[in-house]
């Protein structure tokens, strides 16, 4: 069964693989969700409300992470490392999103990052 593939394996070229999943309506919706959200957020008030919800959600997550990790006082360095890694990954992902024509994803990522950082910073000032 592998004999027809042996020349391809030796040459370093592989035949194109068929798609792994069926193209169901659910999968099509998932792949189109970014475009649907962008179309929904064409209205400036909807866009502003979505960005505000993401900002406040990031703030809540930042405050919760700081409070929970601080209360346990066992994993402070690990919690700080996870938060710094999340912010750095978001900053590196931002470079790739700048080239895309859909700017809503970039704005949502920026708001989540700012909310997380502001929540952590405010929680840190509470400890002073």
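Where a number appears in this text, it was derived from the coordinates with a stated rule and is not lab data. All values reported here derive from a predicted model rather than from experimental measurement. Virtual Cβ from ideal backbone geometry, glycine too; neighbours counted across all protein chains shown.
General observations
- Pairs meeting the criteria (first residue in region 45-71 and more than 16 Å from residue 105 (Cα to Cα), second residue outside any helix (DSSP H, G or I), beta carbons under 7 Å, at least 6 apart or on different chains) are 69/75.
A quick yes/no check of all residues on (1) touching a helix residue (DSSP H, G or I) at 6+ places or on another chain (Cβ under 6 Å); (2) touching a residue at least 24 places away in the same chain (Cβ under 8 Å); (3) at positive phi:
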position: 101; (1), (2), (3): no, no, no
position: 115; (1), (2), (3): yes, yes, no
position: 120; (1), (2), (3): yes, yes, no
position: 124; (1), (2), (3): no, yes, no
